[in-house]
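The structure under discussion appears below in the form of structure tokens.
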Amino acid sequence: MSHLAEDFATFQAPAANEVFIALGTTIKVAGSQQAFRAVDFDAVLAVARSARAAGARRLGIVSAMGADAKSSVFYNRVKGEMESAVSRLGYDSVVLARPSLLSGDRSILGQARRSAEKFAATTMRLLRPVTPANYRAIAAADVAAALVRTLQNTPSGQRVLLSGEMQPRG
């Protein structure tokens, strides 16, 4: 397992059969649309390319709900463009997870508290019984488990994994 922090352009992936990428930021944290794109498109694509060059055949990526290369919303458009780009890299299997609002403690990652996100997560938790599964907040651990499970059960082709499909059962 590799943890990347600084230079994605020169990253050389180790040999692996499966690769999982959960790399992303927000425009606010990145500081600009250009800086956001450098992470959520350029860095993700660089890692996916490097892993493919190192022999990886199966790819799982955490994208975003609403990803659409033709979206008028910049965030969704970049995510959709990234999905399109990685889908053309020649992997046997690609699973694109599109979670709703990710819940969890980001302080362990050194990230500042996001008051608007905390408010949204609290509101979503209260409205959970009447909220459609695709729009419920979801724990990052649930996204990761569903992504691993789905990639293992997708022998070939591309699969989009919606947030509702990743929600824990019960």
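Any read-out appearing in this document is the output of simple, stated calculations on the displayed coordinates, not a laboratory observation. All values derive from a computational prediction rather than experimental measurement. Because the Cβ atoms are built from the backbone with ideal geometry, glycine has one as well, and the counts that use them run over all protein chains shown.
Observations, loosely collected:
- Model label sites at Ile27 and Ser87, defined 7 Å from Cα along the beta-carbon direction, differ in position by 2.4 nm.
- Amide H within-cut-off set for Val19, under 5 Å, with H built and near neighbours excluded: Arg58, Leu59, Gly60
- Estimated at 0.36 nm per residue, the fully extended path between Glu18 and Leu162 surpasses their Cα-Cα distance by 49.8 nm.
- Inter-probe distance in nm under a simple model that places probes 7 Å from Cα toward Cβ, at Ala38 and Arg169: 4.4
- Relative contact order [Cα under 8 Å, 6+ residues apart], segment 48-108, whole percent: 41
- Sequence-ordered 3J(HN,Hα) estimates for segment 28-39 from the Karplus curve with 6.51, -1.76 and 1.60 and θ = phi - 60° stand at 5, 5, 5, x, 6, 5, 4, 5, 4, 4, 4, 8 Hz, glycine and proline given as x.
- Placing a pseudo-label 7 Å from each Cα along the Cα-to-Cβ vector at Asn134 and Arg49 gives an inter-label distance of 3.2 nm.
- Among Val95, Val86, a tally of other beta-carbon atoms within 10 Å of each Cβ gives an order, fewest to most, of Val86, Val95.
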